[in-house]
2 protein chains.
Amino acid sequence: MRAKATRSRKNDPEGMRTRVLDAAYRLFQARGFHATGMREVMEATGVSSGALHHHFPTKDALAFAVITERVAPAVRETWMDPIQSAPSLSKAIAQVFAEIVRGIEQRGSVAGCPLNNLAMELSFANPQFRDSLRSIFSEWQSVLAERIGETRGGARLDRGKRAAAAAFIVSTYSGSMTLAKATQSASPLRMAASALSVWLQERGFTA
Amino acid sequence: MRAKATRSRKNDPEGMRTRVLDAAYRLFQARGFHATGMREVMEATGVSSGALHHHFPTKDALAFAVITERVAPAVRETWMDPIQSAPSLSKAIAQVFAEIVRGIEQRGSVAGCPLNNLAMELSFANPQFRDSLRSIFSEWQSVLAERIGETRGGARLDRGKRAAAAAFIVSTYSGSMTLAKATQSASPLRMAASALSVWLQERGFTA
DNA sequence: ACTAAAACAGACCGATCGACCTGTCTTTTA
DNA sequence: TAAAAGACAGGTCGATCGGTCTGTTTTAGT
């Protein structure tokens, strides 16, 4: 339809896929899955309907890709990697909380944890969603449990107790983030961080 | 349009309003706000479009009514009242968790905390939603903080510390419920309950 | 160079969304 | 008891939803 003109088209399927995923990740995070239309994703990226559906045949497929290729890596980067690499577990957790608080304060608003947000909205909608989201939580807990086992207090605990402690940490973070989002304030995160710090110390999970 | 027939209409505006609110509360809880259509609410209750919009002119108005007339009372009944009436704070919290776990196990699935669910989905959509949801959280925290102040350990704390402890309890519950919903299991709630119990004891919040 | 597949563009589709509107019946008010 | 207001029914509307379709351009395989 268009004459070739001066502008020649250059296909960049991977780049386009990346742009779409980034935009969808951002929109799902900001407004939620159901509240975001395919049209918004197109407008945000400039991609056509044909191209969008070429890469992601359905909206569910797009969401699934967002979960596995954006949300999961985000959780790994912000939570799992620091926990595995930091000198001590309590230092790692304090650092992660501090980093998140810092991000919130410089952004001026709380959009919430991407994993939390999507888990709340999608874990009932589609079994595929639920499984992938659950496996992220599971991986997160495993990393935490393993690190707990390396501490003084954690070494004495059996597998189940370590898993319980890990679940408690994840729960506290998730909940404080929910509260932070609802109140649009970072203080619930700060409170949770300090309470968790005390709890970790008392349990001997510091080193 | 219809002849009078044998059946004479009896208006019951309050009853109809109640039925609509109950159905909407249940549907929003099960599938979320955006995933639930007005049509579903009509079909679930047998109410006509005209009647529905007579009582709730917009979907947002319906959601607002659900929050203030269903979600808030539910939180008061399941959380605030027990906390205020139970013999001790730790007993109250253990009891509330146990009750929720019991409900989940006999239902066989985890739909999540209504306040959590709606807060996640709506706190960004509408400032009116956010304010009403935030005030529920705030009331919840106040009740907890007050009860904390009546304990041995809590009496020594200033207002801010008590609020922080209350926020921590709410956060832990919210997060464990999120985890429970995501994994469709009550065990995160049990883990959080036992960890919280220990924490309460160590802080002197038992009595 | 030729061809088939992949990558894209954009018009188009039925379904459904929330909301509106007219009309009828019921209840309250004067 | 007449009139106004409230309660309710149901058809209808424009907008938007996610998705499809046809056609064109680019790329890869041979």
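All of the numbers you see were taken from the coordinates with simple rules; none came from a lab. Note that the coordinates shown come from a computational prediction; the quantities given were computed from them, not determined experimentally. Please note: Cβ atoms are built from the backbone with ideal geometry, for glycine as well, and neighbour counts cover all protein chains shown.
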Point to revise | CD proxy at 222 nm, helix term only [per DSSP H run n ≥ 4: -39500 (n - 2.57); per residue of the protein assembly as shown; nearest 500] | key: -22500 deg cm²/dmol
Exercise for review: Taking a label point 7 Å out from Cα toward Cβ, give me the nm distances from A:Ala86 to the same spot in the other copies, shortest first, one decimal.
Suggested key: 3.1
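Just to be sure I understand the rule: take each whole DSSP H helix in chain A, project its Cα atoms onto its long axis, keep it if the span is 18 Å or more and its mean Kyte-Doolittle hydropathy is at least -0.5. Which ones pass? Don't jump to the answer; show the numbers that get you there.
Numbers: long enough: A:13-31 (26 Å, -0.56); A:89-107 (27 Å, 0.31); A:127-149 (32 Å, -0.39); A:159-183 (36 Å, 0.26); A:187-203 (24 Å, 0.12).
Correct list, ordered by number: A:89-107, A:127-149, A:159-183, A:187-203.
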Check your understanding: From the label point of B:Thr58, set 7 Å along Cα to the beta carbon, how far off in nm is each other copy's matching point, shortest first?
Key -> 3.2
**Study point:** Packing-based order for A:179-189, B:141-151, using average beta carbon neighbours within 10 Å, highest first
**Key:** A:179-189, B:141-151
Review point. B:Arg70: net charge of surrounding residues, Cβ under 10 Å, Lys/Arg +1, Asp/Glu -1, itself excluded?
Key: -1
Study note, to complete from the structure: Computed over the stretch A:1-151, the relative contact order (Cα-Cα under 8 Å, seq sep at least six) in percent reads 27
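In peptide B:155-168, how many Cβ atoms from other protein chains are near each Cβ within 10 Å, on average?
On the way: counts 0, 0, 0, 0, 0, 2, 2, 0, 2, 7, 2, 1, 12, 13.
Mean shielding count: 3.
Rounded, prolate or oblate for the stretch B:75-206? Axes are the square roots of the Cα gyration tensor eigenvalues, ordered a ≥ b ≥ c, and the cut-off for rounded is a/c under 1.5. Don't skip to the end; give the middle numbers.
Numbers: a/c = 1.97, a/b = 1.20, b/c = 1.65.
Oblate shape, in that a/c is at least 1.5 and b/c is the bigger or equal ratio.
Which of rounded, prolate or oblate describes the protein assembly as shown when judged by the alpha-carbon gyration tensor and an a/c cut-off of 1.5? Could you put the intermediate results ahead of the total?
Values: a/c = 2.09, a/b = 1.12, b/c = 1.86.
Oblate.
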Revision key, fill the gap. Here the correct list, in nm and shortest first, of distances from A:Pro127 to the same site in the other copies, label points 7 Å along Cα→Cβ, is 4.5
Exercise for review: Pull up the cross-link candidates among the lysines for B:Lys161, meaning alpha carbon to alpha carbon under 29 Å and not fewer than 8 places away within one chain.
Suggested key: A:Lys91, A:Lys161, A:Lys181, B:Lys91
